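Heads up, the thing below is written out as structure tokens.
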Amino acid sequence: MGFCAKLKQWATPVAVPDGATVLEAALAQGVPYPHGCRSGNCGACKSRLLKGDVELAEFSDFALTQDERAQGLVLACRTMPRSDVEMAWLEVDDLVTHPLRDLTCRVAALGDMTHDIKRLRLKIEGGGPFTFSAGQYASLGFAAIAPRDYSMANAPARNGRDNPEIEFHIRHLAGGASSAYASTKLRIGETVRVQGPYGTSYLRESHTGPIVAIAGGSGLAPIKSIIETVLAIDLKQPIHLYFGVRDERDLYLEDHFKTLAAKHKNLSFIPVLSEPGKPTKRRTGFVHLAVAADIKDFDGSKAYIAGPPVMVEAATPLLQSLGMRREDIHADAFYTEAERAKLQAASGAAR
């Protein structure tokens with residue numbers, strides 16, 4: 001059975017099967033619905049419920065506050081219709097959409113970035129052309145393993161041109177079938193299925209104010225794409241790049257960003273170690289606190305944050321408390337499959 005969802009920004013009604021969310025149904029039917037984590041934790045699919053009854057699966061207050069819920073806002077990824085509904089996703093500033101592609105790719109290069117992060121470069125062989133915005137991600141399918149989401153690390157091709165290769169940074173996570181396969185079994189020449197692009201935490205190219213970029217671990221991938229794009233299009237505003245990791249062995253691409261900073265005087269690069277194993281001359285502590293200590297004026301700034309959820313969820317309210325508007329904070333929290341499974345298990349309690 002199911003119900004019908006009419007979306008303000010889409011001409012064709014969306015059929016939502018029983019038990020499905022509006023976002024799931026919309027994406028399955030080709031609707032370019034703005035979204036991010038798909039697990040009720042980022043707020044990228046925040047929408048206004050215009051008509052109808054819905055049930056919301058569990059979500060975080062970080063993504064949707066109780067005040068927002070009282071004002072009629074919902075998260076499409078948590079919204080299950082209980083009648084025919086009408087909804088409208090919140091308009092995104094500088095909204096950019098790219099065609100969703102189902103690509104056939106081949107592994108062109110594979111190498112170690114750290115003890116637990118692989119750099120994967122894929123050559124697109126079918127399903128293109130593939131275009132994306134810096135900061136977006138795609139779903140990668142290795143062998144018969146369920147697809148998982150990873151951010152593009154390379155700067156996208158300019159002027160609507162195709163991207164012949166795409167780069168990903170994959171961190172080996174305990175219990176993660178996809179990351180384990182990429183770390184131990186994936187080989188040069190192997191076929192990989194790529195679907196995307198997805199995500200709304202992409203570079204707003206029309207913004208001319210300062211940029212604050214905060215990366216944690218493999219969250220450097222989308223931040224790298226953003227920084228390289230900013231420099232490629234020769235934007236002149238100050239760019240503050242902070243890279244937070246646990247210890248020395250977790251740092252990567254340090255020389256790359258130091259070289260960029262030496263060439264582009266508007267770019268600063270600050271690595272921060274949270275748990276150094278021995279005395280160090282490097283900056284230490286939590287990366288978001290380093291940002292707060294260094295930058296006193298966030299007026300006109302935009303922030304791009306990517307990495308572990310605990311870091312993203314700590315940095316976002318801190319930046320807001322220091323004067324940055326929530327709409328100027330573009331965050332991508334990297335939830336593990338275990339974390340998503342836990343959220344799904346808790347989704348039986350509707351609000």
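Throughout, read-outs are computed from the coordinates displayed, never taken from laboratory work. Please read these numbers as outputs of a predicted model, since none were measured by experiment. As a convention, Cβ positions derive from the backbone with ideal geometry for all residues, glycine included, and neighbour counts pool all protein chains shown.
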Q) Just checking the chain: which Cys have no other cysteine's beta-carbon under 4.7 Å? A) 4, 45, 77, 105
Q. Add -39500 (n - 2.57) for each DSSP H run of 4 or more in the chain, then divide by its residues: what number comes out at 222 nm, to the nearest 500 deg cm²/dmol?
A. -6000 deg cm²/dmol
**Q.** If the convex hull is drawn through the Cα atoms of region 3-89, its volume per residue in Å³
**A.** 77 Å³
**Q.** Per residue, the convex hull volume that the Cα atoms of region 180-224 enclose (Å³)
**A.** 129 Å³
Q. Tell me which lysines have Cα within less than 23 Å of residue 123's Cα, excluding those fewer than 8 residues away on the same chain?
A. 185, 224
Q) Once label points are set 7 Å from the Cα along Cα→Cβ at both residue 18 and residue 185, what is their separation, rounded to one decimal in nm? A) 3.6 nm
Q: Estimate the FRET efficiency between residue 259 and residue 144 by the formula 1/(1 + (r/R0)^6), using the beta-carbon distance for r and 56 Å for R0, to the nearest 0.05.
A: 0.90
Q.
5 Å is the cut-off here: which amide hydrogens, built 1.01 Å from N in the peptide plane, fall below it relative to residue 134, excluding neighbours closer than 5 in sequence?
A. 203
Q.
Can you give me the long-range amide H partners of residue 63? Hydrogens built in the peptide plane at 1.01 Å from N, cutoff under 5 Å, separation of 5 or more residues or another chain.
A. none
Q: Could you list which residues have their amide H under 5 Å from that of residue 173, counting only those 5 or more apart in sequence or on another chain, with H placed in the peptide plane?
A: 179, 180
Q: Let me see the pair-distance distribution of region 101-198: every alpha carbon pair, 10 Å bin width, integer percents in order.
A: 17, 55, 25, 3, 0
Q: Find the all-direction average of the projected area of the Cα convex hull for region 219-329, expressing the result in square nanometres with one decimal place.
A: 7.1 nm²
Q. Setting aside same-chain residues fewer than 8 positions from residue 6, which lysines have a Cα under 22 Å from its Cα?
A. 46, 51
Q.
Give me a comma-separated list of calculated 3J(HN,Hα) values for region 104-120, in order, Karplus coefficients 6.51, -1.76, 1.60 applied at θ = phi - 60°, integers in Hz, x for any Gly or Pro.
A. 9, 10, 10, 5, 9, 7, 8, x, 7, 9, 9, 5, 9, 10, 9, 9, 10
Q. What are the radius of gyration and Dmax of region 73-144, computed over its Cα atoms and given in Å?
A. 17.9, 51
**Q.** Efficiency of FRET from Cβ geometry, residue 266 and residue 162, R₀ 41 Å, rounded to 0.05
**A.** 0.85
Q. If you look at just the Cα atoms of region 225-286, how large are its Rg and its Dmax in Å?
A. 12.9, 40
Q. Counting other C-beta atoms within 10 Å, which of 332, 18, 247 has the fewest, and how do the rest follow?
A. 18, 247, 332
